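Working notes, beginning with the structure itself.
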Amino acid sequence: MVERGPGSGTSRRGFINWLLGTSFGGLVLAVLYPVGRYLIPPAAGESAAASVTLSIRPEDVAPNSAQIFKFGNQAGILVRTPGGELRAFSAACSHLGCIVQYRDDVHHIWCACHNGHFDLNGRNIEGPPPRPLDEFDVNVRGDEIVVSRGA
Amino acid sequence: MTTFKQRMGSVWEWLDDRLGLRAIGSIAEKKEVPVHRHTVWYYLGGMTLFLFLVQVVTGILLLFYYRPSAEDAFESVQFLMAEVEFGWLIRSIHAWSANLMIFTAFLHMFSVAFLRAYRRPREVTWISGVVLLGLAMGFGFTGYLLPWNELAYFATRVGTQIMEAVPLVGGFMATVLRGGSDVSGATLTRFYAIHVAVLPMVATFLLGLHLFMVQKHGMSVPPDVEREGGAKRSMRFFPNFLLRDLVGWLIALAILAALAAYFPAHLGEKADPFAPAPIGIKPEWYFMFMFQTLKYLPAHILWFEGEVVGIIGFTLAGLLLLLVPFLEKRSTRGEPSRLFTWIVVAAIVYIFVLTYLGYTADPTV
């Protein structure tokens, strides 16, 4: 490659073109960068709370039924098994994030969107869900239910 | 004393001097439409255009009452449907015209594929058309959420979650599209901006390009008609073809009015992010074949999640569709291409069968 000094005529034009091109490129970047960052949503203040006290009382959840509760901005499902045990899972189906529900006819947690079945340990046992539901710890303190993320 | 006609004549002269109206008129006069046994398919593009214009008009009217927020959207549509005079009509026509537009756009595309109208020199026309169909589906996907009802909420949750399965960039793309990690009020305002500003701008530009290309190259005569030779018949675009177009548009308007009156658009229940997904959530019918395909894929195919395989498959299919003029060269050379005809037939059969299953298969088994 021939190195051209700033003295010759063609290189002056080349230099001006380079300057214009770079400036234009810089301008485009200076416009696109803020627009790009603007479009990326700010990280939501995800609830850092590791546990939540439910407004549901233990006796409100009959055996073989379930209720949806709020865990921060996520939905959880509180299940009382036919044996009477309380369990809690994330209510977002591991498949495509629909909110699951309890099927008292088959004793499964069930997602209506794509017919995904989970057993009462949250394991995906039928249909498209690729993973089990995230499980939470349930503690009953008097007539309060406290749900917390497992350590 | 100058007559009214003379006066209008001089106004026309004045404008013509400045705007060159005569040149436009002579273009319209010269434009010819070939007449042969496949001429009927030429009307589908114009029909799609008409339905698009209906969307623009009714869409603008809906903006007068719609309030784009998670708190207000459902109530504003409810108010529009129940209180505003003819509100139900405007919204129902918007919904029906959207569906019919996508239907005619699909028919238009398949007819162009069968009649080989994409062959050289019309590659750009084909590509702009395929992208326009993609935009129409984007209009459908974003518009579906705007009433903020239960079905739309979960359909959007599923739709954006599917995007998350795309390797590497999927999670990022879904977050930007939703304005967060979940479908929320932020998603609604984003979809609103995309639906009423971004997509209309891009679609208008591409539509201009598409129509300009049609004007530049004229209507394509199918190769089998060309091979037969014989006398070439044609009719003038203006007024002969345009008047026939108009008849079709009037029929379409009548059908729209009838559909809107007898099958008005539903609203359903307001979306609740903390309620279980209702049984039988469905995407719009034109997404159904893809949705149903994903249902039949197992959770894992080899070491991929089933969804990922499905998404990659449909992305490849879309890419192949875009590149049809460059992959199917036989018809440009004037040779028949039966294989391509069978591929298109197979695609249509696939879409039909999967759509049928999507509406009839029991969702609870």
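The numbers here are math on the coordinates, done by the rules we state, and not lab data. Treat the numbers as computed from the prediction; the structure is a model and nothing was measured. So basically every Cβ, Gly included, is an ideal-geometry build from the backbone, and we count neighbours across all protein chains shown.
Once you have all Cα-Cα distances for the protein assembly as shown, histogram them in 10 Å bins from zero and send the whole-percent values.
Distribution as computed: 3, 14, 21, 22, 18, 11, 6, 3, 1, 0, 0 percent.
Under 5 Å between amide hydrogens, which residues at least 5 positions from A:Glu126 or on another chain qualify, with H placed 1.01 Å from N in the peptide plane?
A:His117
Rg (Å, one decimal) plus Dmax (Å, integer) for the alpha carbons of chain B?
Over chain B's Cα set, Rg and Dmax evaluate to 23.5, 89 Å.
Across peptide A:112-121, what mean number of C-beta atoms from other chains lies inside 10 Å of a residue's C-beta?
Rounded to a whole number, the mean comes out at 4.
On average, how many beta carbons from a partner chain sit within 10 Å of the beta carbon of a residue in A:31-41? Provide the component values of the computation, followed by the final result.
Numbers: counts 0, 0, 0, 0, 0, 1, 0, 0, 4, 4, 11.
Taking all residues of A:31-41 together, the mean is 2.
Where in chain A is the longest stretch that carries no GluC sites (Glu not before Pro) classed as loop by DSSP and with at most 11 other Cβ atoms within 10 Å?
Numbers: sites that count: A:Glu3, A:Glu46, A:Glu85.
Result for the longest clean stretch: A:86-151.
DSSP loop (so not H, G, I, E, B), at most 11 other Cβ within 10 Å: list which trypsin sites (Lys or Arg not before Pro) in segment B:254-360 pass both filters.
Those that pass, being in a loop and sparsely packed, are B:Arg333.
Above 16 angstrom, tally the Cα pairs of segment A:32-85 and express them as a % of all pairs, no decimals. Write out the running numbers ahead of the final one.
Working: 848 of 1431 pairs.
Cα-Cα pairs in segment A:32-85 separated by more than 16 Å: 59 percent.
Report, as an integer, the average count of C-beta atoms from other chains found within 10 Å of each Cβ along B:165-176. Display every interim value, and only then the final one.
Details: counts 3, 0, 0, 0, 0, 0, 0, 1, 0, 0, 4, 4.
Across B:165-176, the average partner-chain Cβ count within 10 Å equals 1.
What are the equivalent ellipsoid semi-axes of segment B:30-77, built from the alpha-carbon gyration tensor (square roots of five times its eigenvalues), in whole angstrom, biggest first?
Working: eigenvalues 329, 22, 7 Å².
Semi-axes (√(5λ), whole Å): 41, 11, 6.
What does the charge add up to near B:Trp12, with Lys and Arg as +1, Asp and Glu as -1, over the other residues with Cβ less than 12 Å from its Cβ?
Working: positive: B:Lys5, B:Arg7, B:Arg18, B:Arg22; negative: B:Glu13, B:Asp16, B:Asp17.
With Lys, Arg at +1 and Asp, Glu at -1, the neighbours total +1.
If you count, for each residue, the other Cβ atoms within 10 Å and average over each peptide, how do B:14-22, A:101-109 line up from highest to lowest? Please report the intermediate quantities before stating the final value.
Details: B:14-22: 10.9, A:101-109: 16.9.
Sorting B:14-22, A:101-109 by mean packing, highest first, produces A:101-109, B:14-22.
Calculate the tail of P(r) for segment B:66-158: the fraction of all Cα-Cα distances greater than 24 Å, expressed in %. All intermediate terms of the calculation are to be shown ahead of the outcome.
Numbers: 1652 of 4278 pairs.
That tail contains 39 percent of the Cα-Cα pairs.
Treating the beta-carbon of each Lys and Arg as +1 and of each Asp and Glu as -1, no other charges, what is the dipole magnitude of chain A about its Cα centre, to the nearest 20 debye?
The calculated dipole for chain A is roughly 1120 debye.
Sorted by packing (mean other beta-carbon atoms within 10 Å per residue), highest first, where do B:54-61, A:15-22 land? Could you put the intermediate results ahead of the total?
Working: B:54-61: 17.4, A:15-22: 10.4.
Those peptides, ordered most packed to least, come out B:54-61, A:15-22.
Could you size up the charge dipole of segment B:24-147 around its Cα centre, putting +1 on the beta carbon of Lys and Arg and -1 on that of Asp and Glu, and report it in debye to the nearest 20? Please list the in-between numbers first.
On the way: 9 positive and 8 negative charges, 189 e Å.
Here segment B:24-147 has a charge dipole of around 900 debye.
If you take the charge dipole of segment A:3-151 about its Cα centre, with +1 on Lys and Arg Cβ and -1 on Asp and Glu Cβ, which of A:Asn121, A:Ile56, A:Ala92 is farthest toward its positive end?
A:Ala92
Over segment B:1-128, what per residue volume does the convex hull of the Cα atoms give, in whole Å³?
Values: hull volume 30.1 nm³, N = 128.
Considering the Cα atoms of segment B:1-128, their hull volume per residue is 235 Å³.
Go through B:97-109, B:214-226, B:314-326 and give me the packing order, highest mean Cβ count within 10 Å leading.
Numbers: B:97-109: 20.5, B:214-226: 16.4, B:314-326: 14.3.
Per-residue Cβ counts within 10 Å, averaged per peptide and sorted highest first, yield B:97-109, B:214-226, B:314-326.
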